[in-house]
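Report on the structure given below.
The values are calculated or read from the model by the stated rules, or taken from the named source; none is laboratory data. This structure is a prediction, so every number in the text was calculated from the model and none was measured. Cβ: placed from backbone, ideal geometry, glycine included. Neighbour counts: every protein chain shown.
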Amino acid sequence: MITGTFIIPALNEAANIAQQLRQVRELVGDQWQLVLVDGGSTDDTVAQAHPFCDHIISSAPGRARQMNAGAAQADGHILLFLHADTRLPRDFIAQIQQFAQQGGQWGRFDVRLDGGHPLFRLIEWMMNHRSRWTGIATGDQAIFMTRDFFQRCGGFGDLPLMEDIDFCKRARRLARPFCISSRVTTSARKWQKNGILRTILLMWWLRLAFFVGVPPTVLHRWYYPSPCPR
C-alpha cells in the first residue's frame, strides 16, 4: 500500500471535522498519517479532531501558511492537501496506487458539489473540464503530490488567496497533473450562502483579475469584504 500524509487546514470546523476525519480513517486506516493544522479556531475544532489525527499543530491563519506548516511535519511519500469540508472517493487507495505506479508527480481529483440544485452539476462539469484543459486545479479538488515534487515547487506561496492557482501554475511547468476522474465531494455552502450565480461571477472575476496581475491582497479584500482570516 502506498503511504502518505493528509494535510488538513482548518478554521472553526467543529460542526463537520469529526465526520470528515472518521471517513478518512475508514478509507486508509493507520497507513496514512493525518496532520491537522489549526489556524486559530475559536470553537471545538481541535478537540473534535484529536481522536483521529497523528499530529495537530497550530499556525497563523491562511491556507497557504497552514498547508506549508503541515507539510513540514509530514512523514509520507505522498502529500495530499484536503479541505476540511471535502470527502474522498471510496476508491481513493486504488487511484493513488495507480498514480504512484505510473510515476506521477502531482495531481488532483474531479469534484462533486454536495448541493442538489441543477446548476451545481454545470459548475462541476466546468470545474473538472477546465482543470483538464488548463492544468490548473483548485484546493477543492484535493491536490496531491510527491513530497520531493512539493519541495521542488517551493511549497505554497504565502498568499492570502489563490494559493492553489499559484501553486498549479508553477507545478505544471514541471509536470502535467495526473487527473483522476473519481470525484471528491466538497461542500456547496459558499454558493448556497452567497447565491449561486453571484458566487460564479465573483470567482470568475477573481480568477481573471489574478491572471492579469491584481495582487492577492486586493483579491482577498474583494472576496472577504470585512476582515476575516481564511
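Structure summary
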quantity	calculated
Selection status of Q19, under 24 Å from I78 (Cβ atoms) and touching a Gly at 6+ places or on another chain (Cβ under 8 Å)	no
Residue selected from region 173-191 under the condition small (G, A, S) and more than 22 Å from A100 (Cα to Cα), by the criterion surrounded by the most Cβ atoms within 10 Å (Cβ to Cβ)	A188
Every residue from region 104-120 that is of a type outside the set (A, V, I, L, M), closer than 22 Å to F92 by Cα and not in a loop (DSSP other than H, G, I, E, B)	W106, G107, R108, F109, D110, R112
Residues that are under 21 Å from D164 (Cβ atoms) and assigned to a strand (DSSP E or B), drawn from region 1-50	G4, T5, F6, I7, I8, P9, A10, L34, V35, L36, V37, D38
Only listed residue being surrounded by fewer than 17 Cβ atoms within 10 Å (Cβ to Cβ), under 23 Å from A69 (Cα atoms), in contact with a strand residue (DSSP E or B) (Cβ under 8 Å, 6 or more places away or on another chain) and at pLDDT 90 or above, chosen from R132, R170, R147	R147
Which listed residue is surrounded by fewer than 20 Cβ atoms within 10 Å (Cβ to Cβ) and either of a type in the set (A, V, I, L, M, F, W, C) or at pLDDT below 95 (or both), from D91, D85, D54, D44	D85
Some residue of region 192-200 being aliphatic (A, V, I, L, M), crowded, with 20+ Cβ neighbours inside 10 Å and either under 19 Å from the mean Cα position of the chain (by Cα) or closer than 30 Å to F99 by Cα (or both)	no
Residue, nearest to F144 (Cα to Cα), within region 60-75, restricted to residues that are assigned to a loop (DSSP other than H, G, I, E, B) and either under 17 Å from the mean Cα position of the chain (by Cα) or hydrophobic (A, V, I, L, M, F, W, C) (or both)	A74
Test: residue in region 164-172 that is of a type in the set (D, E, K, R) and touching a helix residue (DSSP H, G or I) at 6+ places or on another chain (Cβ under 6 Å)	yes
So A94, is it under 16 Å from D38 (Cβ atoms), more than 16 Å from the chain's Cα centre (by Cα) and without any contact (Cβ under 8 Å) to a residue 24 or more places away in the chain	no
Leading residue by the ranking (surrounded by the most Cβ atoms within 10 Å (Cβ to Cβ)) among those in region 15-41 that are of a type in the set (S, T, N, Q) and farther than 28 Å from L159 by Cβ	Q23
Residue identified as of a type in the set (K, R), over 18 Å from the mean Cα position of the chain (by Cα), farther than 21 Å from A71 by Cβ and at pLDDT below 95 among R189, R221	R221
